[in-house]
Ligand SMILES: [Zn+2]
């Protein structure tokens, strides 16, 4: 292979999750949910087996993150009304320290994925593209290793 070839691989994950944006003046302030779709994109040098990273490894790393949020309500810790309701009715919830915008969720997912991919020395960039709908996404990307 040519020396400067950049190899990129990706795997997609899906889950259902509720949220709301209390500050929003439009529809997003209401309790609602999305079928979230996340593409994890990794670039890097090929290992001795001709892989950037085994798709199986990506799945093993990302599936537990997705299971944590699937069919949960992602609740900003400052949204005390919603948090009280979720606690009172013992509903699945994940409490975070940020408003649950697509941008913030993408950044949060990226941090979790990067933390779990630390041992893969051949990786160069890791990105998370988070779709709230088919037509909208936020992407967070970081350079790693090297
Ligand atoms: Zn929404």
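The values are calculated or read from the model by the stated rules, or taken from the named source; none is laboratory data. Bear in mind the structure is a predicted one, so any value in this text is a computation, not a measurement. As a convention, Cβ positions derive from the backbone with ideal geometry for all residues, glycine included, and neighbour counts pool all protein chains shown.
So residue 57 passes all but one of these: (1) within 19 Å of residue 104 (Cα to Cα); (2) surrounded by 11 or more Cβ atoms within 10 Å (Cβ to Cβ). Which condition number does it fail?
Condition not satisfied by residue 57: (1).
Applying the selection to the range 98-140, what residues are in contact (Cβ under 8 Å) with a residue 60 or more places away in the chain and away from the ligand (no atom under 16 Å from the Cβ)?
113, 117, 120, 122, 123, 124, 125, 126, 127, 128, 129
Would you say residue 8 is assigned to a strand (DSSP E or B), exposed (fewer than 15 other Cβ atoms within 10 Å of the Cβ) and more than 13 Å from the ligand (Cβ to nearest atom)? Full working, then the answer.
Details: assigned to a strand (DSSP E or B): yes; exposed (fewer than 15 other Cβ atoms within 10 Å of the Cβ): yes; more than 13 Å from the ligand (Cβ to nearest atom): yes.
It is true that residue 8 is assigned to a strand (DSSP E or B), exposed (fewer than 15 other Cβ atoms within 10 Å of the Cβ) and more than 13 Å from the ligand (Cβ to nearest atom).
Are there helices (runs of 4 or more DSSP H) fully within the range 43-146 with at least 2 residues that are touching a helix residue (DSSP H, G or I) at 6+ places or on another chain (Cβ under 9 Å) and at pLDDT 95 or above? List them. Before the answer, list the steps.
Working: elements: 55-69, 80-88, 102-116.
In the range 43-146, 55-69, 102-116 are the helices (runs of 4 or more DSSP H) which contain 2 or more residues that are touching a helix residue (DSSP H, G or I) at 6+ places or on another chain (Cβ under 9 Å) and at pLDDT 95 or above.
Taking the condition of being surrounded by fewer than 19 Cβ atoms within 10 Å (Cβ to Cβ) and either assigned to a helix (DSSP H, G or I) or away from the ligand (no atom under 15 Å from the Cβ) (or both), how many residues in the range 28-42 meet it?
Number satisfying all stated conditions: 4.
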